[in-house]
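Everything below concerns the one structure shown next.
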Amino acid sequence: MLIQPEPGIIIWTIVTFVVLLFVLKRVAWKPMLSMLDEREKSIRESLEGAERARKEAAASVEEQKRFLERARKEGMETLNRHQREAEALRQDLTSKAREEADRLLADGRRQIEQETRAAVKQIRREAVDLALSAAEKAIGASLDERNQRRLIEEHIDSLHSIEKNN
């Protein structure tokens with residue numbers, strides 16, 4: 001046999017192993033285990049922090065979605081309100097323009113009517129004057145001017161009433 005067990009070496013090997021095991025347990029094993037525990041705790045805290053951050057980010061994203069939706073709705077409501085206001089203003093301006101045009105048209109018609117009446121009066125006066133002068137020449141001075149004017153105006157009025165009836 002190549003290796004022969006010697007009881008002294010075996011005992012010293014066992015004693016050395018136990019002492020080394022005791023020393024390692026005291027000196028190295030405890031710090032290594034505490035370091036591993038600290039590392040495990042640090043990793044667990046990091047994972048929990050990451051989970052909290054993920055939840056906060058998801059909540060923030062949801063809040064942003066609600067905010068954007070609310071802003072979109074408010075924007076649409078504002079746009080619709082402004083469109084309604086613009087339409088009301090357009091209708092108001094259109095009706096005011098129509099009223100103004102109708103008023104101007106009525107004023108124009110009144111003015112034309114007044115001017116027509118004035119022109120007719122002027123024509124009547126001139127016709128009366130012409131008739132008087134013609135009658136004066138034809139008849140002479142048998143009627144005074146006031147009676148002549150009255151007769152001619154009555155005659156013109158009767159002609160005017162005949163025109164209206166036709």
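Just so it is clear, none of the values below were taken in a lab; they were calculated from the coordinates. Every value quoted in this text rests on a predicted model; they were computed, and no experiment measured them.
List of remarks:
- Tilt relative to the chain, helix 7-23 - C-alpha long axis, 0 to 90 degrees, to 10: 30
- Degrees between helix 30-139 axis and first principal axis of the chain (Cα, 0 to 90, nearest 10): 0
- Over the chain, dividing the summed -39,500 (n - 2.57) contributions of all DSSP H runs of at least 4 residues by the number of residues returns a 222 nm mean residue ellipticity of -33500 deg cm²/dmol.
- 0 to 90° range, to nearest 10: angle between helix 145-165 axis and the chain longest Cα axis: 50
- Take the Cα radius of gyration of the chain and divide it by 2.2 N^0.38 Å, N being the number of residues; the result is 4.02.
- Counted residue by residue at 0.36 nm each, then reduced by the alpha carbon distance between them, the extension gain from E77 to V18 reaches 12.8 nm.
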